[in-house]
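Following: one structure in structure tokens, then a few remarks.
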Amino acid sequence: MNKKPLIAGNWKMELSHKAAEEVGRTIKSLLSNTQVNSDIVICPSYTSLAITAETFAKSSKVNIGAQNISTEEKGAYTGQVSVTQIKPFVTWCVIGHSEVRAATGVTDEGVVAQLELLQKHDILPIICIGETAQEREAGQTIEKITNQMNVLLTNINRASLTKIVIAYEPIWAIGTGITPEPDEASEIILLIRKIVANKLDKEAADRLRILYGGSVKPDNAAQYVGAPLADGVLVGGASTHPGDFVKIIKEVEKSYQ
Ligand code: PGA
């Protein structure tokens with residue numbers, strides 16, 4: 001199977017405009033003498049999309065992504081940013097991130113609307129799913145993931161499956177430093193593949209790229225990638241530290257071979 005790992009850095013709202021420019025430049029220079037065998041995506045805030053896209057304009061090593069889009073394509077939606085507005089700067093976009101779900105109340109159906117908009121405008125989605133701490137404690141993880149996947153699969157067919165990425169992010173692991181055992185993560189990643197295989201077929205399910213996200217650091221990234229685990233990682237906090245982010249890229253590439 002010809003899959004490349006994917007490492008995505010979600011800068012959240014952590015960096016000032018100036019810091020985003022500097023972090024982007026430093027990552028670029030750290031990667032300049034390195035052979036990259038993965039897809040790397042950096043997701044700055046909207047206000048830093050243009051400068052980050054410019055920094056990496058002549059680099060085939062790093063792609064730019066947005067952190068979210070509106071569920072609407074255009075119109076009187078004060079404060080929102082649409083798919084067509086991010087289009088000049090990005091090839092990727094994260095949707096369904098738990099922080100966005102919590103802040104905006106976007107539902108799984110809303111995430112499907114965002115997915116449709118991204119597909120219409122040829123932007124590749126990284127779709128986040130995951131359970132809360134309470135759902136995990138109540139033994140509802142499998143049910144939650146199954147429901148989220150079933151809603152998504154109403155709008156995903158075999159052809160579009162190679163152009164989407166699912167990020168499994170246990171919400172209790174995001175920004176907490178608490179991480180699942182690799183076995184626990186692999187159980188959910190296998191579940192996601194099984195759901196896709198049941199709806200479509202096994203080959204399609206095997207081709208789907210699934211990331212792990214939640215407190216990924218240089219010293220734990222490797223344990224989450226490589227079959228039967230993830231095809232890469234979605235990194236929050238550590239991606240704003242260029243040295244750590246580049247170490248994570250190297251760790252993932254090593255362990256994915
Ligand atoms: P974290 O964030 O790596 O800081 O836990 C991950 C994410 O929110 O995608």
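What follows is calculated from the coordinates using simple rules that are stated; it is not laboratory data. Remember, predicted model here, so these are calculated numbers, not experimental data. Backbone-built Cβ (ideal geometry, glycine too); neighbour counts: all protein chains shown.
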Point to revise | Where Ser60 falls short, out of the listed (1) surrounded by 12 or more Cβ atoms within 10 Å (Cβ to Cβ); (2) within 27 Å of Ile166 (Cβ to Cβ); (3) more than 16 Å from the ligand (Cβ to nearest atom); (4) of a type outside the set (Phe, Trp, Tyr) | key: (1)
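Rundown of residues vs (1) aliphatic (A, V, I, L, M); (2) touching a Pro at 6+ places or on another chain (Cβ under 6 Å); (3) buried (at least 23 other Cβ atoms within 10 Å of the Cβ), yes/no style:
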{"residue": "Gln35", "(1), (2), (3)": "no, no, no"}
{"residue": "Tyr77", "(1), (2), (3)": "no, no, no"}
{"residue": "Val94", "(1), (2), (3)": "yes, no, yes"}
{"residue": "Val112", "(1), (2), (3)": "yes, no, no"}
{"residue": "Gln119", "(1), (2), (3)": "no, no, no"}
{"residue": "Ala133", "(1), (2), (3)": "yes, no, no"}
Review point. Which ranges mark the strands (runs of 3 or more DSSP E) fully within the stretch 139-257 that have 3 or more residues being within 16 Å of the ligand (Cβ to nearest atom) and either of a type in the set (Gly, Ala, Ser) or over 19 Å from Lys61 (Cα atoms) (or both)?
Key: 165-168, 209-213
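Per-residue answers, yes or no, for (1) within 16 Å of the ligand (Cβ to nearest atom); (2) in contact with a strand residue (DSSP E or B) (Cβ under 7 Å, 6 or more places away or on another chain):
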{"site": "Ile7", "(1), (2)": "yes, yes"}
{"site": "Met13", "(1), (2)": "yes, no"}
{"site": "Ser16", "(1), (2)": "no, no"}
{"site": "Arg25", "(1), (2)": "no, no"}
{"site": "Pro44", "(1), (2)": "yes, no"}
{"site": "Ser48", "(1), (2)": "no, no"}
{"site": "Ile51", "(1), (2)": "no, no"}
Review point. In this structure, does Glu143 turn out to be over 20 Å from Gly226 (Cα atoms) and acidic (Asp, Glu)?
Key: yes
Practice item. Kindly list, by first and then second residue, each pair from a residue in the stretch 153-174 that is more than 16 Å from Ala197 (Cβ to Cβ) and touching a residue at least 60 places away in the same chain (Cβ under 8 Å) to a residue that is among the polar types (S, T, N, Q) and within 16 Å of the ligand (Cβ to nearest atom), limited to pairs with Cβ atoms under 9 Å and residues at least 6 apart or on different chains. Key: Glu169/Ser98; Ile171/Ser98; Ile171/Thr132; Ile174/Ser98; Ile174/Ser215
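Scan the stretch 43-78 residue by residue and report those that are among the hydrophobic types (A, V, I, L, M, F, W, C) and either in contact (Cβ under 8 Å) with a residue 40 or more places away in the chain or closer than 19 Å to Gln114 by Cβ (or both). Break it down stepwise before answering.
Here is the first cut: in the stretch 43-78, the residues among the hydrophobic types (A, V, I, L, M, F, W, C) are 43, 49-51, 53, 56-57, 62, 64, 66, 69, 76.
Within the stretch 43-78, Cys43, Leu49, Ile64, Ala66, Ile69, Ala76 meet the criteria.
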Practice item. Kindly indicate the residue of the stretch 37-57 that is farther than 19 Å from Ala238 by Cβ and among the β-branched types (Val, Ile, Thr) and also surrounded by the fewest Cβ atoms within 10 Å (Cβ to Cβ) among those meeting that condition. Key: Thr47
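Consider Glu131 carefully, then state whether it is in contact (Cβ under 8 Å) with a residue 40 or more places away in the chain, in contact with a Lys or Arg (Cβ under 8 Å, 6 or more places away or on another chain), in a helix (DSSP H, G or I) and within 16 Å of the ligand (Cβ to nearest atom).
Working: in contact (Cβ under 8 Å) with a residue 40 or more places away in the chain: yes; in contact with a Lys or Arg (Cβ under 8 Å, 6 or more places away or on another chain): yes; in a helix (DSSP H, G or I): no; within 16 Å of the ligand (Cβ to nearest atom): yes.
It is false that Glu131 is in contact (Cβ under 8 Å) with a residue 40 or more places away in the chain, in contact with a Lys or Arg (Cβ under 8 Å, 6 or more places away or on another chain), in a helix (DSSP H, G or I) and within 16 Å of the ligand (Cβ to nearest atom).
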